[in-house]
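The values are calculated or read from the model by the stated rules, or taken from the named source; none is laboratory data. All of these numbers come straight from a predicted model, not from anything done at the bench. Heads up, the Cβs are rebuilt from the backbone with ideal geometry, glycines too, and the neighbour counts pull from every protein chain shown. The accessibility values were calculated without ligands, DNA or RNA, using every heavy atom of the protein model including side chains. Shrake-Rupley method; radii C 1.70, N 1.55, O 1.52, S 1.80 Å.
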Amino acid sequence: MVFSSSIFLVYFLPIFLLVYFIADARFKNPILLIASVLFYAWGAPKFIFAILATTTLDFYLVKILYNSQTEKKRKLFLILSLTLNVGMLFYFKYCNFFIENFNAALSAAGAHEITWTKVILPIGISFYTFESLTYVVDVYRKLHKPLNNFWQYQMYILLFPKLIAGPIIRYHEISDQIEDRTINDTIDNKISGFLRFTIGLGKKVLIANVMAAKADEVFALQDADLNAASAWIGMLAYTFQIYFDFSGYSDMAIGIGKMIGFKFPENFDNPYTSQSITEFWRRWHMTLGNWMRNYLYIPLGGNKVKSKFRLYFNLWLVFLASGFWHGAAWTFIIWGIYHGLFLVLERAFLGNVLKKIGKIPATLFTFLLVAIGWVFFRADDVSKAITFLKKLFQFESKTPYLFWDHKFIIMMFVAILLAFFTSFKLGEKTQRVFYSSDELGVAKTISFTVLSCLLFIVSLAAITSSNFNPFIYFRF
Amino acid sequence: MKAGIVNKIKAGSIIFILAVLILPILQENLEFSKKRPLGGWITIVTKPTVSFDSLFSGGFQRDKEAWINQEFGFRNDLVRINNQLDYWLFKQANAKGIIYGEKGVLHDRLYTDAYFGMNYIGDHKIDSIAQQMKFLQDCLERDNKTLLMVFAAGKATYYSELIPEHFKAEKKKNNYEGFSEAMKKYNINHIDFNKWFLENKTKSQYPLFPQLGIHWSIYGSALAFDSIVHFVEKKRNIDMPDFFIKGVETPDSLRTPDDDIYKAVNLLFQVPYYKMAYPIIDIKKDNSKVSPTLITIGDSFWWNIYNTGVGETVFKNGKFWYYNQAVYPESFTNPINRDKVDFAKSIEETDVIILCYTESTLQTIGNGVLDDLYKYYKNNKQLVNPNRDIDIKNFIEYIKSDKKWMEVLSKKAQETKRPIEDLIYADAAWQVDNVLYKNK
């Protein structure tokens, strides 16, 4: 089940909220757990058992780890838990990739390929596996004690608002809220949470989906039909699609979380206003960045390594891992390497250059670099990505055949405005108004309620209409 | 403001939000607001039944979501809201191929693309079809039957100046222009209403095309039918029952099909439109007049004429073979496909055969009926001036469809180093001369 679907918006969410709000505090966690299991099982009826089994095993492994007296035993159970989680991720997400590449190498060498039945990827596995890892590591590091209640642990992993697409919530960030969140369970948070949810829904449905349609059109073009103008349109369309889709989903997760008393960490902070790639990664998918820093970069030595070479290598390795985390394909790896390369260059000299050239040039340069990187993210394979990038700079007089689409052009302007408006003080102020957790006055209560309901209705209308495109008559 | 009142307002807001969320479920189950069906044609999703297998495989979930998306409460109203917003903000119509033209005129991409020549089938193919039509016209005339090609007026040609700039393409030769030339070249009976409508656009007292429909107006089609009757009378040297427009009605509302494409757009609010005229037709019954029998093969443009009942009043026993597939009037009560009809008997019993096509459907002119007629004459009748070229052409198609024959010829082409097309032609010509014509 996805948030931007009729079944979620018309059935799941209203029924869940009604039951949750009415229920006594003792029953809220069980209701949330049941709803989360149903939410995941609806879309992945087979994998729900895998996730329940692994979380059960993990809970007890971590409990034993916590109660172990010797460091040796603690490390053993840490390794067991890490192996279970990483092993599961590797099997479901990366086995196909490695087998395919191994078979390609065997085939090139003239040897027989390995017979392999492709494994289906369970939805959300990258997110909940990383959260499971934070649980075991945070307990190992003694940042927080483990949960006593097995069902609360299940709820932490399966919590439906963030289960499928994040934010990646580190265990210690939420552990107290699992047991008691009365402090955040206020009417104000319900109202502002719903607004946040509908803002996310609007970003996804009204902007991202429009961008996606055009991006899909361009990236599906044959090489002969693709020219520079179409390539630029496609690249920009995808750049905004991925931002509004992903940040929209995070907004929805944070919004629902807020409505039910949770304070989830922010995941996006206007990343396209960044003036360097370094800054971009402090604003884009922040929870992944935090995870990588705390559980990979720092254990590798972080900034405290002795040589610059080792520092650059660590940075680059972390981004290679980030790329690979996004998907099991060479395009994602190259995307990660690409970002890692610019991070290293910025550390070396490029950062100083960007600081000197001024805010607007630095922002535009960074935006261009990021947009070019997205081509690898979106393309089906490396050769198509390279062809696409070449086309970007092969300017011809031929007019792009797929250009004039009023809705796309207008929504592109809206996307640009919303992506960059916090570069200005008015934009920053506006965002603070909508995203703040301050107490609401009467004016804000009414305006938030009206705005969120309108956004909900318009978004639901767009969702249901996307499947309704009638013919005038039955045609032979 | 007092804290108590503020808290009440907040509580009220939460209740309002929950009410908005719950409303569709309540509407679906209680239907307190009448459901207005949406216009246009779409495949309806049926309610899925659950089974262990379908639930476990995810199939039930997929089908259920599709069904819910179609059936949830206020869904049709939400579609209208979305379409209205797309219209106001982006001038976008959410129905397949429909575009908002200038001055509020709706167009269909099938017609505009055809107008710009995007689906042009080529001079060679048109010439080939026209030759076949000429041949059939001669065969039919020998049997005192009349073949008549009717170019129904197309909205893209009529309102070409109102096609939005961004849907215009470089104007190339289109099928209407190609067939129009070919009809004149081979002296095939035809009436060009595309040309006639354009010539009378500013002269006509009432609109010949509706703003919100794709078909010629009922008034325009009545004028067209009048011309068809005069043509048939002259061609057959007969006096048919008098058909005339004794008056027109100009109601405020539109009658089907003058708003057919508009209905598929499904807006919340009615767009303004210009009034249409609906002719009051009179047909004088006179036993001295001759009513020939009629079969029309064509697209939806013939419906405006067919639905006035002139097939039974001005003509006799008028049949409509819609795209040479559904047979009317029989299919009104009991759907019947044309291949279930006794074709030979139908042709024998008919006096006039009309082909009625528009700019967007000319590429499939006849929908196979021309080949059926050709086979009818070859199998049942002595061919008049057998057209060797057409027979060879047909045999070439036959050879190309025969895999074994093509394998033999491919091998022969390699061995003899001759183009395979030459070999195919030679075989086809030999078959026609030595087998087909020998057996006649």
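B:ASP351 sits with roughly 40 Å² accessible to a 1.4 Å probe, with DNA, RNA and ligands left out of the calculation. In chain B, the longest principal axis of the Cα atoms and the axis of helix B:123-142 are about 60 degrees apart. Peptide B:89-101 shows a mean partner chain C-beta count of 3 within 10 Å per residue C-beta. When the inverse distances between all different Cα atoms of the range A:81-189 are averaged and flipped, the Kirkwood radius reads 16.4 angstrom. Per-peptide packing, taken as the mean over residues of other Cβ atoms within 10 Å, places B:365-375, B:49-59 in the sequence B:365-375, B:49-59 from highest down. Converting the Cα gyration tensor eigenvalues of the protein assembly as shown into ellipsoid dimensions via √(5λ) gives semi-axes, longest first, of 65, 36, 27 Å. Cα centroid separation, the range B:96-161 to the range A:1-29: 56 Å.
Rounded to whole numbers, the Karplus 3J(HN,Hα) couplings from phi for the range B:210-215 are x, 5, 10, x, 9, 8 Hz, using 6.51 cos²θ - 1.76 cosθ + 1.60 with θ = phi - 60°, and x at Gly and Pro.
What a 1.4 Å probe finds exposed on the protein assembly as shown is 59% carbon and sulfur by accessible area, rounded to a whole percent. With a ≥ b ≥ c the root eigenvalues of the C-alpha gyration tensor of chain B, is it rounded (a/c under 1.5), prolate (a/b larger than b/c) or oblate? It is prolate, given that a/c is not under 1.5 and a/b is the larger ratio. Computed over neighbours whose Cβ is under 10 Å from that of B:LEU212, the net charge equals -2, Lys and Arg +1, Asp and Glu -1. If a/c stays under 1.5 just call it rounded; otherwise compare a/b with b/c (prolate if a/b is bigger, oblate if not). Do that for the range A:1-111, with a ≥ b ≥ c from the square roots of the Cα gyration tensor eigenvalues. Judged from the Cα gyration tensor, the range A:1-111 comes out oblate (a/c at least 1.5, b/c at or above a/b).
Between rounded, prolate and oblate, where does the range A:189-309 land on the alpha carbon gyration tensor, with a ≥ b ≥ c its root eigenvalues, rounded for a/c under 1.5, else prolate if a/b exceeds b/c? Oblate, because a/c is 1.5 or more while a/b does not exceed b/c.
When you count the other C-beta atoms within 10 angstrom of each residue and take the mean per peptide, B:161-168, B:213-220 line up highest first as B:213-220, B:161-168. With R₀ set to 35 Å, the beta-carbon distance separating A:ASN303 from A:ILE79 gives a calculated FRET efficiency near 0.85.
Pairwise Cα distances in the range B:204-252 exceed 14 Å in 59 percent of cases. The helix-based estimate of mean residue ellipticity at 222 nm for chain B, built from -39,500 (n - 2.57) per DSSP H run of four or more residues and divided by its residue count, is -14000 deg cm²/dmol to the nearest 500.
Full extension of the chain segment joining B:ASP342 with B:VAL50 gains 100.6 nm, where the gain is 0.36 nm per residue of separation less the Cα-Cα distance. Accessible surface calculations at 1.4 Å, restricted to protein heavy atoms, place chain A at 44 Å² per residue. Using 0.36 nm per residue and subtracting the Cα-Cα separation, the extra length available between A:LEU368 and A:ASP380 on full extension is 2.2 nm. Counting Cβ atoms of other protein chains within 10 Å of each residue's Cβ and taking the mean over peptide B:68-79 gives 5.
Take B:105-113, A:382-390, A:282-290 and order them by the average number of nearby Cβ atoms within 10 Å per residue, most first; the result is B:105-113, A:282-290, A:382-390.
Computed with the Debye formula from one identical point scatterer per Cα of the range A:328-370, without solvent, the log10 of I(q)/I(0) at q = 0.25 Å⁻¹ comes to -0.87. Taken one residue at a time, the phi angles of the range A:160-175 give Karplus couplings (6.51, -1.76, 1.60, θ = phi - 60°) of 5, x, 10, 5, 8, 9, x, x, 7, 9, 5, 3, 5, 6, 10, 3 Hz. Gly and Pro are set to x. Counting only protein heavy atoms and a 1.4 Å probe, the range B:304-440 has 55 square angstrom of accessible area per residue. The helix-only estimate of mean residue ellipticity at 222 nm for chain A, built from DSSP H runs of length n ≥ 4 each weighted as -39500 (n - 2.57), is -21500 deg cm²/dmol after division by the residue total. For the chain pair B and A, buried accessible area totals roughly 5200 Å², probe 1.4 Å, rounded to the nearest 100. Between 0 and 90 degrees, the angle of helix B:59-71 with respect to the longest Cα principal axis of chain B falls at about 80 degrees. The DSSP beta bridges internal to chain B are antiparallel in roughly 40% of cases.
Give me a single rounded figure for B:261-267: the average over its residues of other chain Cβ atoms within 10 Å of their Cβ.
Counting other chains' Cβ atoms within 10 Å and averaging over B:261-267 gives 2.
Potential lengthening of the chain between A:SER423 and A:ALA53 amounts to 128.5 nm, from the contour at 0.36 nm per residue minus the alpha-carbon distance. For chain A, the normalised intensity computed at q = 0.10, 0.12, 0.13 Å⁻¹ comes to -0.86, -1.25, -1.45 (log10 of I(q)/I(0), Debye sum over alpha carbons, equal scatterers, no solvent). Antiparallel beta bridges, as assigned by DSSP with both residues in the protein assembly as shown, represent about 40 percent of the total such bridges. In the range A:186-232, the residues whose accessible area drops by at least 30 square angstrom when the other protein chains are added to the isolated chain are A:ILE187, A:ILE191, A:PHE194; the probe is 1.4 Å and only protein heavy atoms count. Against chain B, whose longest principal axis is taken from its Cα atoms, helix B:369-380 shows a tilt of about 30°.
Each Lys or Arg adds one and each Asp or Glu subtracts one; over the other residues with Cβ under 14 Å from the Cβ of A:THR198, this totals +4.
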